[in-house]
1. I need the strands (runs of 3 or more DSSP E) fully contained in segment 72-187, keeping only those with at least 1 residues that are under 27 Å from ASP329 (Cα atoms) and of a type in the set (Lys, Arg).
2. I'm told ASN297 meets every condition in (1) assigned to a helix (DSSP H, G or I); (2) more than 17 Å from the chain's Cα centre (by Cα) except one. Can you identify the failing condition by its number?
3. I'd like to know if segment 180-197 contains one or more residues that are among the small types (Gly, Ala, Ser), over 24 Å from LEU210 (Cα atoms), more than 9 Å from ligand 1 (Cβ to nearest atom) and more than 19 Å from the chain's Cα centre (by Cα).
4. What do you reckon, is ILE243 closer than 30 Å to ALA5 by Cβ and either modelled with pLDDT of 90 or more or within 16 Å of ligand 2 (Cβ to nearest atom) (or both)?
5. What tally of residues in segment 284-317 results from selecting those that are over 24 Å from LYS260 (Cα atoms) and either touching a residue at least 40 places away in the same chain (Cβ under 8 Å) or not β-branched (Val, Ile, Thr) (or both)?
6. Quickly run through segment 131-176 and pick out the residues that are of a type in the set (Gly, Ala, Ser) and more than 15 Å from ligand 2 (Cβ to nearest atom).
7. Could you please find all residues in segment 91-106 being of a type in the set (A, V, I, L, M) and farther than 11 Å from LEU190 by Cα?
8. Given the residues ASP191, ASP218, which is the only one that is closer than 25 Å to LEU331 by Cβ and at pLDDT below 95?
Amino acid sequence: MGETAIVKVLADADEAILRTMLTAPARALERGGLVAFPTETVYGLGADAFNGRAVERVFTAKGRPADNPLIVHLAAPHQVDWVASYIPPVAQELMDTFWPGPLTLVLPASKKLPSVVTAGLDSVAVRCPSHLVARVLIAQAGVPLVGPSANLSGRPSPTNAAHVIRDFPQGLDWIVDGGQCSIGIESTVLDVRGAYPTVLREGKISREDLAPWLHSSDEDSSGESHRSPGTRFAHYQPTARVILTSIGGGWDTAHQWLSKVRSVGLVTASDPTVGVRTHRRMHVLGTWDTPDDLAKNLYAYLRQADDMDIEVVVIESVGTTGIGRAVMDRLRRAAGRE
Ligand code: TXA
Ligand code: MG
């Protein structure tokens, strides 16, 4: 397999320039190729959703179990009719409110979609990303694209092009480098086929944001793992062991671990220059001020820990409202408690 080609696009490039720059990757997609592309959440591994052979290549490249369905990405909301057989009124309202953006809707699937996309289910997960590069690429390709996160199965999702290159030094046709993803964790997934929408995966668009559409008694349903195929699989697992502490507890916990393991990483909410007790086997991987900060950088920290061969990563947790809950969901999985 050939080496992956890279095209770097500037964050403020206008649409006409993007169309020109993305011509070659779009042609590769038309021919059944694989192209990694930036979105506002994480990088996706794109292929023509109507080309079953191309979609199979996505599963093979990632090492993804065949029974874990993919999200289909649209250039514009109206393309939803290409992949879904029916749009419930509540779905239309949610699309009008949150698209383009980091919200994925599970809808009844069109019979025209190859079954490999949906892992044989009669539903399809669909989203229209807000990232201009993603939408121009999809529009240029002329077809909706499947787009699982562009990582090897089980690795943290990629939030910059270097992460994608690390997991796929070869085997892809193109990587579109659009810099760092602004959100940093995957989209919220919402099943909108029932009487009330059900949150299958938390994300930047939070339960609070969705409250007008959720049943008033709706609680954290992330335990209902049978509803989202993806939640059955081990996810977001770095090689390093992840330990969660409360805010302010990270330094002490990290120091305790130093006596047990070779190297410890720390992600802390406090300023590490205050009261530092440094140690050559302890590495401050990063600090965060707000839950959005931690969301944006979390996967980079976890990847960095693995690159540095760090054994234990201590992370001071964020709260449990808004995006904080989505971050905690990812952290609990990384800590292997789910
Ligand atoms: O932000 C995102 O959603 C990113 C970017 C690239 O758009 N993509 C992403 O894809 O996170 P992936 O494949 O890593 O996660 C898709 C999730 C999985 O948990 C999968 O099980 C679930 O969506 N899913 C896909 N189709 C589904 C369906 N028909 N019903 C229920 N869950 C579904
Ligand atoms: Mg993924």
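1. The strands (runs of 3 or more DSSP E) meeting that bar are 123-127.
2. Only one criterion is unmet by ASN297, namely (2).
3. Within segment 180-197, none of the residues are among the small types (Gly, Ala, Ser), over 24 Å from LEU210 (Cα atoms), more than 9 Å from ligand 1 (Cβ to nearest atom) and more than 19 Å from the chain's Cα centre (by Cα).
4. Numbers: closer than 30 Å to ALA5 by Cβ: no; either modelled with pLDDT of 90 or more or within 16 Å of ligand 2 (Cβ to nearest atom) (or both): yes.
So ILE243 does not fit the description; no.
5. If we filter segment 284-317 for residues that are over 24 Å from LYS260 (Cα atoms), which is where we start, we get 288-300.
Now drop any that are not either touching a residue at least 40 places away in the same chain (Cβ under 8 Å) or not β-branched (Val, Ile, Thr) (or both), which leaves 288-289, 291-300.
Residues that pass the stated criteria total 12.
6. Across segment 131-176, the qualifying residues are ALA134, ALA139, ALA141, GLY142, ALA161, ALA162, GLY171.
7. Correct list: MET95 only.
8. ASP218
The values are calculated or read from the model by the stated rules, or taken from the named source; none is laboratory data. Keep in mind that what you see is a predicted model, and the values were worked out from it rather than measured. Cβ sites come from the backbone with ideal geometry, for glycine too, and all protein chains shown count toward neighbours.
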